[in-house]
Amino acid sequence: MPVPVPRQRDTPATESGQAVLYTAAPAATGTGVAQATPQLPHPTQPPAPQTPVPQTPAPAPAPAPHTSQLTLLVIEDDPAGGLTVPEILDADGHRIRLRTARNLTEAERLLTPDVHCILLDLSLPDTSARMPGVAATATATATGTTTTTAVDQLLALRQVLRLAPHHAVLVLTGEDDAERAAEAVRVGAQDFLFRDELDGRLLSRAIRYAVERKRADIAQYKLAESKLRAQENARLERGLLPTPLLEGSDLRFAARYRPGRSRALLGGDFYDTVRTPDGTVHAMIGDVCGHGPDEAALGVELRIAWRALTLAGLCGDDLLATLQEVLEVERPCEEIFATLCTVDIAPDGRRAGLCLAGHPAPLISRPGRRARLLPYENSGPALGLLPRARWPRRQVELGGSWSLMLYTDGLIEGRIGEGKERLGQDGMVDMINRHLDRGLSGEGLLEASVTEARRLNGGELTDDVAVVLLSRAEG
């Protein structure tokens, strides 16, 4: 005969018609002696167990956020004599609502989001027969007889933990079964209670403790999961940052990168440097408008495309036109564009070709001379703005010893003090010259420049910042 479906009753103490939780009401005489009084009549005959159908139970929804009243689901086979406690109150004096079930089948139906804690009796009889998908194992012997192997004594608890992974769970057992109670906590229960010592005050405190401990455990798990995800993302983003290919070149390379996104390693800015077999060193820096994860992904795609096209022999206008095609295909919407600066330095290191696609001009410094911006007349538009655009290539004389700094607008758009004035290109040039006068170069020059830009801004720069420095010392 199938197990009857429990019905919800409109009573604050017991919400299942299938089982009864006895509560002891204070004596009217004022003597303090508690009388055990049933809230509902006990069924005269328990239903016969139904043969379980193997299935994977769906986890119960997470409990609702804590409100002024807690709800306890009691899973106890013999409510007529198993659990007798006084009225249970929470810390604020509110009555804890009780919901009862005689077995796990009923408990699964009663496990709604308003349940905060589960009290499970570890002495549930015939646990395997009541659990969906779990049964004792029958083994046939050589003589034709059949024996049944032992069943895990914590099967009921394991099933409850699968059904309600986000709920606090207390287990109830006898004092002579302390070892199994401790094992239940190791398996996943928040605490255990001894049946003979149970009273309303102890149970109320245990419920509150279990609920808060479960919340703390979930919070700790989410924190650990978040840290692991952050570490994985960091490894992924570090892998997407470029490794310069300058083997065989006498140029020195330095770079600084700061994404504008909080807790990110990669933004919409991108850069790269490679040396082709003919000895030419190609460098580029770019900026996808915006600095979210989509822009970061597009920046990586453009950088990889630039490296592949450069190693394939493309340069100048042909390379930028092909990159624009890549951008138009890969961008999430038509409003997305990217600025770009490319430099190809001749094998002798004394001259370079410069192409600008809506990007700030590089800065060059030479020994004994003030740093200045390279000419930026006749630059082309940003990638993705105009179809069939052209990007003229300008020849630049570098000289014997020099340093060439490529940067994104995140460095020059930071504010100066509390006003609306921004650092700008002129302010950046003055800043670089001050650091050069102090004798800074390479990594030290870039670190000092980015640090001063942040200080002038009064805090972190909101936009991505990428800076690349290529240097050559003649002789």
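The values are calculated or read from the model by the stated rules, or taken from the named source; none is laboratory data. The structure displayed is predicted, hence computed values, not measured ones. When we count neighbours, we look across all protein chains shown, and the Cβ atoms used for this are built from the backbone with ideal geometry, even at glycine.
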Those residues of region 152-195 which are within 14 Å of ILE118 (Cα to Cα), assigned to a helix (DSSP H, G or I) and free of Cβ contacts under 8 Å to residues at least 40 places away in the same chain, in sequence order: LEU157, ARG158, LEU161, VAL185
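Any idea how many residues of region 403-424 are at negative phi and surrounded by fewer than 22 Cβ atoms within 10 Å (Cβ to Cβ)?
11
So which of VAL185, VAL160, VAL169 ends up being in contact with a Cys (Cβ under 8 Å, 6 or more places away or on another chain) and modelled with pLDDT of 90 or more?
Numbers: VAL185 fails: in contact with a Cys (Cβ under 8 Å, 6 or more places away or on another chain); VAL160 fails: in contact with a Cys (Cβ under 8 Å, 6 or more places away or on another chain).
VAL169 is the lone residue from the list that is in contact with a Cys (Cβ under 8 Å, 6 or more places away or on another chain) and modelled with pLDDT of 90 or more.
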The lone condition VAL450 fails out of (1) under 23 Å from GLY260 (Cβ atoms); (2) touching a helix residue (DSSP H, G or I) at 6+ places or on another chain (Cβ under 9 Å); (3) touching a residue at least 24 places away in the same chain (Cβ under 8 Å); (4) part of a helix (DSSP H, G or I) is (2)
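Only one residue in LEU461, LEU456 is part of a loop (DSSP other than H, G, I, E, B), at pLDDT below 95, hydrophobic (A, V, I, L, M, F, W, C) and in the same structural domain as CYS289 (by TED's automatic domain parsing). Which one?
Numbers: LEU456 fails: part of a loop (DSSP other than H, G, I, E, B).
Checking each option against the conditions leaves just LEU461.
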Hey, could you check region 425-447 for residues that are surrounded by fewer than 17 Cβ atoms within 10 Å (Cβ to Cβ) and within 33 Å of the chain's Cα centre (by Cα) and say which is farthest from SER249 (Cα to Cα)? GLU447
Output the residue which, of all residues in region 288-319 that are among the charged types (D, E, K, R) and in contact with a strand residue (DSSP E or B) (Cβ under 8 Å, 6 or more places away or on another chain), is surrounded by the most Cβ atoms within 10 Å (Cβ to Cβ). GLU295
